[in-house]
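J.: Dumping the structure here so I can ask a few things about it.
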Amino acid sequence: MLAEFAALEARDPRRMQRATQVIGHLLRNQFLHVEDRGSSILLETLLRPDMERLIASYFDVAGYRLIVRESEGWAGILPDTEQINPPRMRIDETLVLLLLRRVWEEGVQEGDVERHGSVLVSLNEAYDAYQDMVARARRPALSINDFKANVQALERRAIVRLGEYDEDIQDIGLTVRALVATVAGDDYLTALEQLLTRPDYQEAEAGDDDDERQDAGE
């Protein structure tokens, strides 16, 4: 494989640079979305069959599967769980991810789908749904600021996108992207129920056990 990269660099240094940029971005952020700054050219690179095969081979060696979804405007890497352990998330991070999967699913069912299969809600609407979810399980809820911080962590991975604060409605637009369905997995409802009924959930939410981790459903 190194020979293939060396051959590409000798043949077309600019394309080699693009390949390096794509690999570097996915190593840092796991996903990229065409609507994010600088990502359209990276996705364009991956849409070339020869480049996709080369970059997919790189990640295959590292234990990851490269996924390219042109219709949904994203690409990313997911761990091959037969080779490596999946990324780990705290329980509250996983709950927020699964909640946003549910929000996206409900938007799709209601037909509120925008370009690339995204669903637009607001941060307050998502937080209200989150509060209702944990209240039903009689569990403590994150503060709005902590909830937003978890959403921002997902934004860095291109799973969602937060808009600018709107003074008139005192809220922030929140775009939940279709790739949340891939990250959270089709068994997200089961995973959500299991998390909410875990006896150690309250302690982990309170931060009493910082080492407590829960895998996201990928």
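Only the coordinates and a few stated rules stand behind these numbers; no lab work does. Note that the structure is predicted; figures quoted are calculated from it, not measured. Please note: Cβ atoms are built from the backbone with ideal geometry, for glycine as well, and neighbour counts cover all protein chains shown.
J.: Filtering the stretch 20-53 down to residues that are among the hydrophobic types (A, V, I, L, M, F, W, C) and more than 18 Å from the chain's Cα centre (by Cα), which residue is surrounded by the most Cβ atoms within 10 Å (Cβ to Cβ)?
T.: Leu46
J.: Out of Arg161, Arg139, I need the residue that is closer than 27 Å to Leu27 by Cα, of a type in the set (Lys, Arg) and in contact (Cβ under 8 Å) with a residue 40 or more places away in the chain. Which one?
T.: Arg161
J.: Can you pull out every residue in the stretch 15-46 that is charged (D, E, K, R) and farther than 13 Å from Val68 by Cα?
T.: Arg15, Arg18, Arg28, Glu35, Asp36, Arg37, listed by residue number.
J.: Scanning the stretch 100-143 for residues that are part of a helix (DSSP H, G or I) and among the hydroxyl-bearing types (Ser, Thr, Tyr), which turns out surrounded by the most Cβ atoms within 10 Å (Cβ to Cβ)?
T.: First, pick out the residues of the stretch 100-143 that are part of a helix (DSSP H, G or I): 100-109, 115-117, 123-136.
Then drop every residue that is not among the hydroxyl-bearing types (Ser, Thr, Tyr), which leaves 127, 130.
Values: Tyr127: 21, Tyr130: 24.
Selected residue: Tyr130.
J.: Out of the residues in the stretch 162-182 that are outside any helix (DSSP H, G or I) and touching a helix residue (DSSP H, G or I) at 6+ places or on another chain (Cβ under 6 Å), which is farthest from Arg101 (Cα to Cα)? I'd like the intermediate steps shown before the answer.
T.: Taking the stretch 162-182 and keeping what is outside any helix (DSSP H, G or I), we get 162-179.
If we keep only those that are touching a helix residue (DSSP H, G or I) at 6+ places or on another chain (Cβ under 6 Å) as well, we get 162, 171-172, 174, 176, 178.
Values: Leu162: 16, Asp171: 20, Ile172: 18, Leu174: 13, Val176: 8, Ala178: 9 Å.
Among those residues, the one meeting the criterion is Asp171.
J.: Still on this structure, please answer the following. Filter the stretch 69-84 down to the residues that are exposed (fewer than 14 other Cβ atoms within 10 Å of the Cβ) and either among the hydroxyl-bearing types (Ser, Thr, Tyr) or touching a residue at least 12 places away in the same chain (Cβ under 8 Å) (or both) and list them by number.
T.: Selection gives Glu70, Ser71, Thr81, Gln83, Ile84.
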